[in-house]
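I have placed the structure first, in the form of structure tokens, so that the comments after it can refer back to it.
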Amino acid sequence: MIYFDNSATTVCLPKAAETARAYMLESYFNPAAAYAPAVQLERDISSARAVIAAELRAEPSELIFTSCGTESNNTAIFGSLKAMRGKGRVIVSAVEHPSVYEAAMELREAGYDVRFAPVDRTGKVILSELASLLTGDTRLVSVMHVNNESGAINDIDDIYALLRRNAPDCLLHVDGVQAFMKEAPVKCDMYSVSGHKLHAPKGIGALLIRKGVRVKPYLIGGGQESGMRSGTSNAPSIMAFSAAVSDYAEHRAEYREAMLAVKKRLFSNLSRIRDVRLNGPDMEHSAAHILNMSFMGVRGEVLLNALSEKGLCVSTGSACAAHKRGKNRILNAMGITGDRQDGAIRFSFSHFNTVEEADIAAQLIEEHVNLLRRFRRR
Ligand code: PLP
């Protein structure tokens, strides 16, 4: 099998899986308990928090663990607005993940003035358009760091500077799920991350909340995570997340190079097929792990299914309404419609992928694209 769907999820690193196992079978205590092994576990969790916070250039006290990126995004958006008085404007980019986009739609229902910041053809937020949407009563802006479909990287530091200049009371939340460890930390008020995108288990995430930023907790109860996220700590997954982050930090340059090599090789191989289009920025200006291309005259889902039968796992986009024809919200926002949208396939890589896999995959894709085009002409 060739797995090119690492934006959806990644394989768990053996070291992370072993760490989780040890914390399930050996150090399985409730870290809130008072006896010595539980106190030690609480210390281990503090170390894990410090490891992950350091990678975000944050204090450990600024990081709370959550169950996933979705929870981090929901907590940041609903929790920060709940802590403010009155309603106002909320701006999110037009290409956000459903965990931000659907939250924005719910805010609109609740009476907030929700606006969607447009993006360019690569999926990047247009700064001047965002600036023109900012008003004195804008409470929150939420923009993703790396777009999960096109690999576009937003200029978050510029967006932060814009907000500080033009709307000093407005908070900036960043969905960093596809960017964490892959791109440098950015300036913002809240930043969401998720473990399973970088070889930790599924079901663990974190939210950075900068000191002084008020957020009302989403889950209330036992007061864990400094009262910000009640529920017995998921110690095995927290420790595994920390193990995966440490590994990534140690090999960052090597991992980036490996992913970029696969991406460039696949792009160059696929560019030999006639009538293909790149959806997203060029190789040097996009995330190293995401490549989105359209095969004109071919239905993405049909190609995906054919490739799946041959053991090649790819995607036609994130889980949003991407399966309905012409209904890919992200590509629509990028101005990619019609045949080009129908034929779009997203490839996403990890450092476990190889250039040989890129060669095999390209060969398979070329064969199937040619076959499907021939059928279509009949
Ligand atoms: N944000 C982005 C950009 C994502 O790609 C994803 C997952 O696909 C999420 C948020 C949600 O993360 P999780 O699966 O941990 O809830």
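The values are calculated or read from the model by the stated rules, or taken from the named source; none is laboratory data. Keep in mind that what you see is a predicted model, and the values were worked out from it rather than measured. Please note: Cβ atoms are built from the backbone with ideal geometry, for glycine as well, and neighbour counts cover all protein chains shown. In case anyone asks, the SASA skips ligands and DNA or RNA and just uses the protein heavy atoms, side chains included. Shrake-Rupley method; radii C 1.70, N 1.55, O 1.52, S 1.80 Å.
Charged side chains reduced to their Cβ positions (Lys and Arg at +1, Asp and Glu at -1) give segment 14-246 a dipole of some 340 debye around its Cα centre. Per residue, the convex hull around the alpha carbon atoms of segment 206-271 comes to 167 Å³. The label point for residue 47 and the one for residue 339, both projected 7 Å from the Cα toward the Cβ, are 5.9 nm apart.
Please report the antiparallel percentage of DSSP beta bridges with both residues in the chain, rounded to the nearest 5. Let's see the in-between values first.
Values: 21 of 41 bridges.
Close to 50 percent.
Overall size of segment 127-229 from C-alpha positions, given as principal axis extents largest first: 41, 32, 19 Å.
With all protein chains in place and a 1.4 Å probe, the accessible surface of segment 14-246 carries 52 percent carbon and sulfur.
Would you work out the Kirkwood radius for segment 1-151? I mean one over the mean of 1/r across all pairs of different Cα atoms, in Å.
Computed over segment 1-151, the radius equals 18.6 Å.
Here is the list for segment 196-235: trypsin sites (Lys or Arg not before Pro) lying in DSSP coil, each with at most 14 other C-beta atoms within 10 angstrom of its C-beta, are 211, 214.
Among the chymotrypsin sites (Phe, Trp or Tyr not before Pro) within segment 326-378, which fall in a DSSP loop and have no more than 16 other Cβ atoms within 10 Å of their own Cβ? For chymotrypsin sites (Phe, Trp or Tyr not before Pro) across segment 326-378 that sit outside H, G, I, E and B with at most 16 neighbouring Cβ atoms in 10 Å, the list reads 352. Helix-only arithmetic for the chain: the sum of -39500 (n - 2.57) across DSSP H runs with n ≥ 4, divided by the residue total, places the mean residue ellipticity at 222 nm at -12500 deg cm²/dmol. The residue list 328, 358, 249 was ranked by how far each Cα lies along the charge dipole of segment 243-358 toward its positive end, using unit charges on Cβ atoms, and 328 comes out on top. Using Cα-only point scatterers and the Debye equation, what is log10 of I(q)/I(0) for segment 34-120 at each q in 0.25 Å⁻¹, rounded to two decimals? Each listed q maps to, in turn, -1.18. Computed from the C-alpha gyration tensor, the three semi-axes of the ellipsoid equivalent to the chain are 35, 27, 17 Å, from longest to shortest. For residue 23, the solvent-accessible surface with a 1.4 Å probe is about 40 Å², rounded to the nearest 10. Which entries in the list 187/327; 182/263; 124/264; 82/182; 187/211; 124/327 go over 22 Å, if you measure between the two C-alpha atoms of each? Pairs exceeding the cut-off: 187/327; 82/182. Backbone amide hydrogens, once placed in the peptide plane, bring residue 138 within less than 5 Å of 89, excluding anything fewer than 5 places away on its chain. For a modelled paramagnetic label at residue 30, 7 Å from Cα along Cα-to-Cβ, the residues of segment 41-83 in reach, with backbone nitrogen under 17 Å, are 41-43.
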